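Derivation of every value follows stated rules applied to the coordinates shown; laboratory data play no part. No experiment lies behind these values; they were computed from the predicted model shown. So basically every Cβ, Gly included, is an ideal-geometry build from the backbone, and we count neighbours across all protein chains shown.
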């Protein structure tokens, strides 16, 4: 086990969860439907809990760990979303599509850290639980997007 690599992976996940929190808060502000805004804000709150748990474990492995709030890649992704929204008509469904894309990346990263031989076995259950929560969130987002599209189609066909 490489403790330095393991702590770097946990810190990376911590920072990605920071990106997720920022992204969901921004998404909650951009959507038009109050219930959807509430749903997205709740995801941000849940991510704070996951991030706190990861931060504690990263500091246990490396007490001097630099736990910053997010990554440059996350900042760029959010800026790109802003540019795309400015160039096109922003819809709740397009915001959900971006959220799902972010969930894909986060879920893949959790999976790769879990499967890394440098990840201490004691962290795998926590990572599996958090990765499962990310996957469930993505599934909920996809279903919500389908529901919004269905409802929109029903209104237009009436």
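Sort 36, 67, 96 so the one with the fewest other Cβ atoms within 10 Å of its own Cβ comes first.
Values: 36 20, 67 15, 96 25.
The fewest-first ordering by Cβ neighbours comes to 67, 36, 96.
Going by how many other Cβ atoms sit within 10 Å of their own, how do 64, 116, 108 line up, fewest first?
In order of increasing Cβ crowding within 10 Å: 64, 108, 116.
Please arrange 113, 134 by counting, for each residue, the other beta carbons lying within 10 Å of its beta carbon, fewest first.
Details: 113 22, 134 26.
The order, fewest Cβ neighbours first, is 113, 134.
Quick check for you: which residues of segment 6-43 have the amide N under 11 Å from the point 7 Å beyond the Cα of residue 118 toward its beta carbon?
It comes to 6-10, nothing else.
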